[in-house]
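Visitor: There's a structure below that I have some questions on.
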Amino acid sequence: MTGISEILVLVLLIACILILPRLFKGEPVKKSSSSEKLKRLPAKIRFGIVLTLVYPMIMAFYLKPWNENVLSYLSYGVIPVFLVWAVVWIISGRKK
């Protein structure tokens with residue numbers, strides 16, 4: 001008798017694993033690709049991204065961190081970029 005009850009328990013477990021997720025399945029989430037997200041970016045955000053890449057390069061050519069000037073490059077080239085994006089992130093969070 002023990003063999004039959006064990007088999008029935010296994011069948012019940014397998015049925016619950018396979019059937020219950022289908023019963024409680026919600027509406028499928030629409031997946032959007034990253035190229036679609038990039039197309040929806042506003043011009044200000046695009047400009048900010050380009051400026052994020054260009055500004056540290058310009059400061060690197062001006063300050064030449066490879067000539068023992070790393071601290072000034074971090075102070076004037078990298079940290080301002082992080083601060084600006086932090087402010088943008090905080091402001092966008094408050095709007096939403």
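The values are calculated or read from the model by the stated rules, or taken from the named source; none is laboratory data. None of these values were measured; they are calculated from a predicted model. A quick note on method: Cβ atoms are made from the backbone with ideal geometry, for glycine too, and the neighbour counts reach across all protein chains shown. For the accessible areas, the whole protein counts, side chains as well, though only heavy atoms, and no ligand, DNA or RNA atoms are used. Shrake-Rupley method; radii C 1.70, N 1.55, O 1.52, S 1.80 Å.
Visitor: With the full set of protein chains in place, find how many percent of the accessible area of the chain is carbon and sulfur; take the probe as 1.4 Å. Walk me through the intermediate numbers first.
Guide: Working: 6610 of 9090 Å².
Exposed carbon and sulfur together represent 73 percent of the surface.
Visitor: May I pose another question? Per DSSP helix of 4 or more residues, -39500 (n - 2.57); summed, then divided by the residues of the chain. What does that give at 222 nm, rounded to the nearest 500? Present the calculation step by step, with values, prior to reporting the outcome.
Guide: Numbers: 5 runs with 70 residues, N = 96.
My calculation for the chain gives -23500 deg cm²/dmol from helical runs alone.
Visitor: Relative to the longest principal axis of the chain, what angle (0 to 90°, nearest 10) does the C-alpha long axis of helix 2-23 take?
Guide: Roughly 40 degrees, rounded to the nearest 10.
Visitor: Related question: Say a site is exposed when it is one of the chymotrypsin sites (Phe, Trp or Tyr not before Pro), sits in a DSSP loop, and has at most 14 other Cβ atoms within 10 Å; what is then the longest site-free stretch of the chain? Don't jump to the answer; show the numbers that get you there.
Guide: Working: sites that count: Phe24, Trp66.
Longest run free of exposed loop sites: 25-65.
Visitor: Would you work out the charge dipole size for the chain about its Cα centre, treating the Cβ of every Lys and Arg as +1 and the Cβ of every Asp and Glu as -1, and quote it to the nearest 20 debye? Working shown, then result.
Guide: On the way: 13 positive and 4 negative charges, 133 e Å.
It works out to roughly 640 debye.
Visitor: Okay, next question. Hey, of (1) 2.21; (2) 2.76; (3) 1.28, which did the structure itself give for Cα Rg over 2.2 N^0.38 Å when calculated?
Guide: It is the one labelled (1).
Visitor: Using the heavy atoms of the protein chains and a 1.4 angstrom probe, tell me the accessible area per residue for the chain in square angstrom. Don't skip to the end; give the middle numbers.
Guide: On the way: 9090 Å² over 96 residues.
Spelled out: the 1.4 Å probe surface of the chain, per residue, equals 95 Å².
Visitor: Along the Cα-to-Cβ line of Ile79, 7 Å from the Cα, sits a label point; which residues in the stretch 41-71 have backbone N less than 13 Å from it?
Guide: 70-71
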